[in-house]
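Read the structure below first, then the notes.
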Amino acid sequence: MSAIDIKKVKTSNFSGMIPFSFRKLGDTYIVVNEYGNYVFLTEEEFVSLVENGPSALSRPVVKELTAQNMLFTKETAARAAERLRARFADAARATNLHIIVPTLRCNLRCVYCQAAAMSGDNYETDMNTDTARAVVETIFDAPTKLLSIEFQGGEPLLNWDTVKFIIEYAIELNKTKKRELRFNIVSNHLLMDDEKLDFLLEHNVVMCMSLDGPAFVHDKNRGITHDRAVEMYKKVYRRYKEAGAERLPSLIGTLSKHSMPYHKEIVDEYRSLNAGSIFMRPATTLGYAGRNWEEIGLTPEEFLDFYERMLDYIIELNLKGERFTETYAIYALCKIVAGFEPGYVDMKSPCGASIGQLAYNYNGDVYTCDEGRMLGHQGDHTFRVGKCGESSFADLIMHRATKACSIASTLDTTPGCSECAYRPYCGICPVLNYHETGELSPNVFTTRRHAVNEGIIDIIFKRLMIPEVGDIFVQWTKNYMESSSREIEGAKETEEGKAVKE
Amino acid sequence: MPKMPMEIVFDPKIFSADAILGACHKFLAKCFITLEHSEDGKRIIARLKAREGVSVEGLEDEFRAETLNYAVKQKISKGSAKIRDQIFHIVFNPERLNALGGQLQTELETKADPDSVKLSARLEKLLEEIESEESMDYEEDPLGIAVPWEEKHGMPGDLLHPVDQLKRQAENNLINIETVKEIVDC
Ligand code: SF4
Ligand code: SF4
């Protein structure tokens, strides 16, 4: 039990401090101000801080508190305001990630498929050209400079003509609209051929392939496809590299129960493909995963156990001089060590539902996000915010589901989160909450997302306390921020956008 | 093995109902909880019954520790509420920053209770002393804890340093240039 004597803790002790919260990890207190700066204090220091106020602390501690913007001065007020302003500015920016589902058909049948994809002959779930045109026009309605169009599925390459049409039509429209256009495709690559590859390369389309690890893991989740997928990935990678593409193909993986013992093997597979980083997300309860949950689903504890082993292995590689990063850690570290918003829509407050991303189904229905769209596929259209060709961008943004998600994912007003030390770094998901509990805002402590996020941030902080690991983390953060600086510039609002808002 | 439901008694003069409710909210994932006043009305009694599969070992200590955490967090929140408000003002009206140290400071202090005035005076003195006597003497700071993160590790481009951010904002007319000059120059 803590040695704090609550009778000695007076509100006046904190009248010179920037608002903060705290969390005890082992013998250390992590003190985090509302804007994300943090300080590690020993138990003795922390008890003295809360019982007697900061002026009773030793000079080195006061200096550290000052350096980390914990004490109220003109400079710290300016910095805190700047961080807060950056957060608001981010939330007020128009949507720049637009996820399109050109088809629900898929050539695979992954055990955890969130998209609940259809078999290869369900052509009625292909997006037609009229709908595709309306989708692109709706996307250009978003008053933002950067427009990032991402194809997901189903397997997008199964409706290649529509993918091509969307890219060409967007480029055509952009001749007058003058936005910064980006294209991404998340694909299993199995249908890749030279014609497609040439087109994608020519139009700077960034490729992302799903890979769950070596064949004995990947194939268990996704059918016997590993070898062919890897072969295609290598080919795509080589072509992009030879062409000097600005952004090289990347990999993304999903974890199921089958993956649990293989943290090393999975990382090694990614290393062998020169991936440079790894992002393994746990399967969610959406789509087919819900039906197979007993067999494939992970408890938060299982995921965190895997994550910790994987992260430690990656740190070990870095300590030996290899540069290889882990993406969850980078997203959290950007906020922890640099107060920088990496824009990961699932770890933001408010989250990215509608305001950070919109998902366009094959039939032109628009959803708050891809997860909302997946729920729609299960027959629940709570998160449908409009229809292309009928709804304006303003309609989508003003839709009650958009507002409900923004409110339900704002941590400052969520009971439990509002007092939590990790609030500046965290994010909750109204769609998953609703799917798992029937409520947009359930008791956060009963949710999987809380358990996973709290666990990840604990794991990261524990390692930040180790100086040589802290240095590695800072390096990861800097590199990530450097590489994303162009995107941040691109995300600035257009004059047109400002006018729309006024 | 502790008896279920376990009874935990609080003195509301020491632990506010809000602090106890905060802990209950967190523990609802683990336990069924009822709250009531003691017969004489002088105590709050929490009755906890662990949900299936939840270990009861240490449950009482954990609950008490969580109540204490909430009680401390509430005091922090209350004590620093005025500063939170001021920072919000500055976000929407950067010129407000100019008022800090002058009118605003007085405003903050006169509204605060006498203890807090004493404490902030002490703290201000300490900060001034540290600044003047050492002028950030890094030799006496072998761990570099007084060195801001940005100086220790360098900043990637113009993305991060708060002063640079302010400059950039001024260029974009998002913030008053005079404010920036003042901050950058001081
Ligand atoms: S979800 Fe959990 S970890 Fe995240 S802010 Fe809320 S209480 Fe904290
Ligand atoms: S509702 Fe959930 S899935 Fe959708 S953007 Fe928000 S956090 Fe992400």
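Things to note:
- Remark: mean inter-chain Cβ contacts per residue of A:446-453 equal 1, using a 10 Å Cβ-Cβ cutoff to other protein chain atoms.
- Burial ranking of peptide ranges A:204-210, B:83-89, A:242-248 (average Cβ count within 10 Å, highest at the top): A:204-210, B:83-89, A:242-248
- The spacing between region A:1-60 and region A:449-466, judged by their C-alpha centroids, is 20 Å.
- Label point at A:Leu319 placed 7 Å out along Cα→Cβ; residues across region A:24-55 whose backbone nitrogen lies under 11 Å: none
- Rounded Å value of the spacing that divides the Cα centres of region A:180-199 and region A:396-423: 35
- Of the residues A:Gly379, A:Asn361, A:Ser392, the one whose Cα sits farthest towards the positive end of the charge dipole of region A:314-396 is A:Ser392 (charges of +1 on Lys and Arg Cβ, -1 on Asp and Glu Cβ, taken about the Cα centre).
- Percent of C-alpha pairs per 5 Å bin, region B:6-79, short to long: 3, 17, 28, 25, 15, 9, 3, 0
- Fewest-first ordering of A:Leu317, A:Leu65 by other beta carbons within 10 Å of each residue's beta carbon gives A:Leu317, A:Leu65.
- Segments A:373-380, A:325-332 sorted - mean Cβ within 10 Å per residue, highest first: A:325-332, A:373-380
- Relative contact order (percent, whole number), region B:6-79, Cα cutoff 8 Å, 6+ residue spacing: 41
- Put a plus charge on the Cβ of each Lys and Arg, a minus charge on the Cβ of each Asp and Glu, and nothing anywhere else: the dipole of region A:6-88 about its Cα centre is then about 300 debye.
- Counted by Cβ distance under 14 Å from A:Leu201, the other residues give a net charge of 0, where Lys and Arg count +1 and Asp and Glu count -1.
- Calculation over all alpha carbon pairs of region A:321-470 in 5 angstrom steps from 0 returns a P(r) of 2, 9, 18, 20, 17, 13, 10, 6, 3, 2, 0, 0 percent.
- Nearest-ten-degree value, helix A:226-242 long axis tilted from longest Cα axis of chain A: 80
- Counted by Cβ distance under 13 Å from B:Gly58, the other residues give a net charge of -3, where Lys and Arg count +1 and Asp and Glu count -1.
- Which listed pairs, of B:Lys42/B:Lys78; A:Lys63/B:Lys30; B:Lys49/B:Lys73; A:Lys220/A:Lys348; A:Lys478/B:Lys30; A:Lys145/B:Lys82, have C-alpha distances above 29 Å, in listed order: A:Lys63/B:Lys30; A:Lys220/A:Lys348; A:Lys478/B:Lys30; A:Lys145/B:Lys82
- If you sort the three axes of the alpha carbon gyration tensor as a ≥ b ≥ c, you get a/c of 1.5 or more for region A:6-88 and a/b above b/c, which makes it prolate.
- Gap separating the Cα centres of region A:65-134 and region B:1-49, nearest whole Å: 41
- Summed residue charge, Cβ within 12 Å of A:Gln378's Cβ, Lys/Arg positive, Asp/Glu negative: 0
- Shielding by partners - mean other protein chain Cβ count within 10 Å, residues of A:345-358: 0
- For chain A, convex hull of alpha carbons as volume per residue, Å³: 155
- Other protein chain C-beta atoms within 10 Å of residue C-beta, averaged over A:44-55: 3.
- GluC sites (Glu not before Pro) restricted to region B:1-54 and DSSP loop, no more than 11 other C-beta within 10 Å: B:Glu39, B:Glu52
Here, each number is a calculation from the coordinates, and none is a lab measurement. Computed from a predicted model, the values in this text were never measured in an experiment. Here Cβ is always computed from backbone atoms with ideal geometry, including for glycine, and neighbour counts include all displayed protein chains.
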